Structure formats: C-alpha cells, structure tokens
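Where a number appears in this text, it was derived from the coordinates with a stated rule and is not lab data. Note that the coordinates shown come from a computational prediction; the quantities given were computed from them, not determined experimentally. In this analysis, Cβ positions are derived from the backbone assuming ideal geometry, glycine residues included, and neighbour counts consider all displayed protein chains.
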Amino acid sequence: MKEVEIVHDIDKRKFEYIENGESAHLLYAEDTPGVWRLTHTLVPKSMGGKGIASGLAKKALMHCRNHGISIIAECTFITTYIKRNPEWEDIVLKY
C-alpha cells in the first residue's frame, strides 16, 4: 500500500487526501463524546488502486484508538477493512 499524506479536517469532520486537485475522503459524525460513526469513504476513480481508501481508514481508526474514541462502522468500506484487519475490532462499539 502506498503511504499517502492524509489531513484530519476537524471542522468538516473528515479525513482527506488531495492529489492533482481531486479529493478522497472519509466522513464521520460524532454521536456523543467518544463515539464516532464512520459514515462514508469516497475515492475518485482516477485515484483508485493506490491504497488511498485503506490509508484513510487506517488514519481515522488510529486517531480514534489514540483518543479513546469508539466507532460505529456505517461505511461498507470500513466494515470490510475491519474484517480484513481485525486488530481494529477493539474500538468498534459493541451493542
């Protein structure tokens, strides 16, 4: 996977990667303090196949773990990413 520079835009509640004027991002919503819903991951087709979606997922999940935030994975990409990388299951909110 290519290492990409991802920025956390707190005001817009997203993790974002910009390349050649195009934006790939992972959006989240904060339900309550300490609980985030990861809602949507978007990578334009022109950026596909570079590991950007995985980079976004890893950056967001690492941020959550480092800040004691539990997640609810609404985004199908995030759900699949966690199934493939079970080391992140400890931050998934259990119902």
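Six or more apart or on different chains, Cβ under 6 Å: which pairs go from a residue in the stretch 71-94 that's over 17 Å from Val43 (Cα atoms) to one that's outside any helix (DSSP H, G or I) and of a type in the set (Ser, Thr, Tyr)? Could you list them?
Ile91/Ser70; Leu93/Ser70
So in the stretch 6-62, with the set limited to residues that are out of contact with any strand residue (DSSP E or B) (no Cβ under 7 Å at 6 or more places or on another chain) and either of a type in the set (Asp, Glu) or part of a strand (DSSP E or B) (or both), which one is surrounded by the fewest Cβ atoms within 10 Å (Cβ to Cβ)?
In this case the residue turns out to be Asp11.
Go through the stretch 76-95 residue by residue and tally those that are hydrophobic (A, V, I, L, M, F, W, C) and within 20 Å of Pro33 (Cα to Cα).
4
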